[in-house]
1. Which chymotrypsin sites (Phe, Trp or Tyr not before Pro) in region 25-117 sit in a loop by DSSP (not H, G, I, E or B) and have at most 15 other Cβ atoms within 10 Å of their own Cβ?
2. Please compute, over every Cα-Cα pair in region 46-122, the percentage with a separation greater than 17 angstrom.
3. Return the ratio Rg/(2.2 N^0.38 Å) for region 91-151, where Rg is computed over Cα atoms only.
4. Which of HIS19, HIS54, HIS89 moves most in a GNM of the chain, Cα contacts under 10 Å?
5. By how many nm would the segment from GLU64 to ALA128 grow when fully extended, if each residue of separation counts as 0.36 nm and the alpha-carbon distance is taken off?
6. Tell me which lysines have Cα within less than 23 Å of LYS148's Cα, excluding those fewer than 8 residues away on the same chain?
7. Rounded to the nearest whole Å³, what is the per residue volume of the convex hull around the Cα atoms of region 1-95?
8. Full-extension gain between THR72 and LEU41, please, as 0.36 nm times their residue separation minus the C-alpha to C-alpha distance.
Amino acid sequence: MTVNTMQNITQQTLKNYRHIQAEIEAFDAVAQDCRQRIAQLIEADKLYQQAAEHFTSEPAEAAEHAETVRQTVTAYRAMEQRAAENALHLVQMKARVEDFMLSIPDADLRRAFALRYLKGMTWQEVAAAIGGNTTEDSIRQQVHRYMKKAE
């Protein structure tokens, strides 16, 4: 891990880690919904075109329909693209946090980071899980010192 990557990791980023996966899933769901709506629009447009062949319709009406479908599909594609870009940004942020945690050389400290920020445990729970002479205050101070060093 580079020092530059470490500098991008703040305590707030660590605290947000547990929410990142839920956000990724939400953006993925939006993108999937957009793809489904596009497919439905295209299918509905095919049905419209088939029906228009059997019935006489106004050319202006058919052109207006085609333009509406085109604009709607374009809007859904743009929304899908934004959702995919947001999900990618979050995936990259998640990977940076994971890389940061893996770069911590001390196993107990690395475990403390994981328990606190990935699992969402309290400092008291972290200290109990690590065991030994570890106290809530001592583990919190170790983590904060490491974060200051990483900045």
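1. PHE55
2. It works out to 67 percent of all Cα pairs.
3. Taking N as the residue count of region 91-151, the ratio is 1.09.
4. Looking only at HIS19, HIS54, HIS89, the largest GNM fluctuation is found for HIS54.
5. Details: separation 64, 0.36 × 64 = 23.04 nm, distance 6.77 nm.
Length gained, GLU64 through ALA128: 16.3 nm.
6. LYS15, LYS94, LYS119
7. With only Cα atoms used, region 1-95 gives 101 Å³ per residue.
8. Details: separation 31, 0.36 × 31 = 11.16 nm, distance 0.83 nm.
Between THR72 and LEU41, full extension yields 10.3 nm more.
We did not get these values from a lab; they are worked out from the coordinates using the rules stated. The structure displayed is predicted, hence computed values, not measured ones. For neighbour counting, all protein chains shown are included, and Cβ atoms are generated from backbone atoms with ideal geometry for every residue, glycine included.
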